[in-house]
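Remarks on the structure that follows.
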């Protein structure tokens, strides 16, 4: 898994993306083995760890760079993502606004943005925003994780996660 910028035009870096003028989204690129970790699980995690009903906003962060987006690299992947959105909609009262976007150039985020929570758990953003999401995931997926522990990662999925 790595933090990236995608969905915009031209080269991307944190300073430029934060202005909202590049069209890029802050995203996470996830590499996994679908035999070990079904894509459906990742879709459920994606939709349960951010608000897919908020347009261009995640928490206090506002702008198109924080949009809920899924970036597809094939027609099959686009169809799978659309099915995931349709399935997730049953859990929300408001319409899901997650966009489906063709994957364009991907720019790796700066080193300080990689594994940010692991390296900087003391930062307020991690403590107040990320920690509750991790606690939720551990509670909600504990049984599945015990039954399906995996060290293999080979397939590709690129859901845009805001931050």
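The values are calculated or read from the model by the stated rules, or taken from the named source; none is laboratory data. Since we're looking at a predicted model, the values are computed, not measured. Here Cβ is always computed from backbone atoms with ideal geometry, including for glycine, and neighbour counts include all displayed protein chains.
Could you check, for region 129-148, whether at least one of its residues is part of a loop (DSSP other than H, G, I, E, B), free of Cβ contacts under 8 Å to residues at least 40 places away in the same chain and surrounded by 13 or more Cβ atoms within 10 Å (Cβ to Cβ)? I'd like the intermediate steps shown before the answer.
So the first thing to find is which residues in region 129-148 are part of a loop (DSSP other than H, G, I, E, B), and the list is 148.
From what's left, free of Cβ contacts under 8 Å to residues at least 40 places away in the same chain: none.
No: region 129-148 contains no residue that is part of a loop (DSSP other than H, G, I, E, B), free of Cβ contacts under 8 Å to residues at least 40 places away in the same chain and surrounded by 13 or more Cβ atoms within 10 Å (Cβ to Cβ).
What about residue 88, is it touching a residue at least 24 places away in the same chain (Cβ under 8 Å), in a helix (DSSP H, G or I), touching a helix residue (DSSP H, G or I) at 6+ places or on another chain (Cβ under 8 Å) and buried (at least 20 other Cβ atoms within 10 Å of the Cβ)?
no
Give region 18-43 a look and list any residue that's assigned to a helix (DSSP H, G or I) and either more than 16 Å from the chain's Cα centre (by Cα) or surrounded by 14 or more Cβ atoms within 10 Å (Cβ to Cβ) (or both), or say none. First the steps, then the outcome.
Taking region 18-43 first, the residues assigned to a helix (DSSP H, G or I) are 18, 39-43.
Residues satisfying the conditions are 18, 39, 41, 42, 43.
Can you find a residue in region 23-43 that is in contact with a helix residue (DSSP H, G or I) (Cβ under 8 Å, 6 or more places away or on another chain), under 23 Å from residue 126 (Cβ atoms) and at pLDDT 95 or above?
Restricting attention to region 23-43, the residues satisfying the condition of being in contact with a helix residue (DSSP H, G or I) (Cβ under 8 Å, 6 or more places away or on another chain) are 23-26, 30, 32, 39-41, 43.
Still in the list and also under 23 Å from residue 126 (Cβ atoms): 24-26, 30.
If we keep only those that are at pLDDT 95 or above as well, we get 24-25.
Yes, the conditions are met somewhere in region 23-43.
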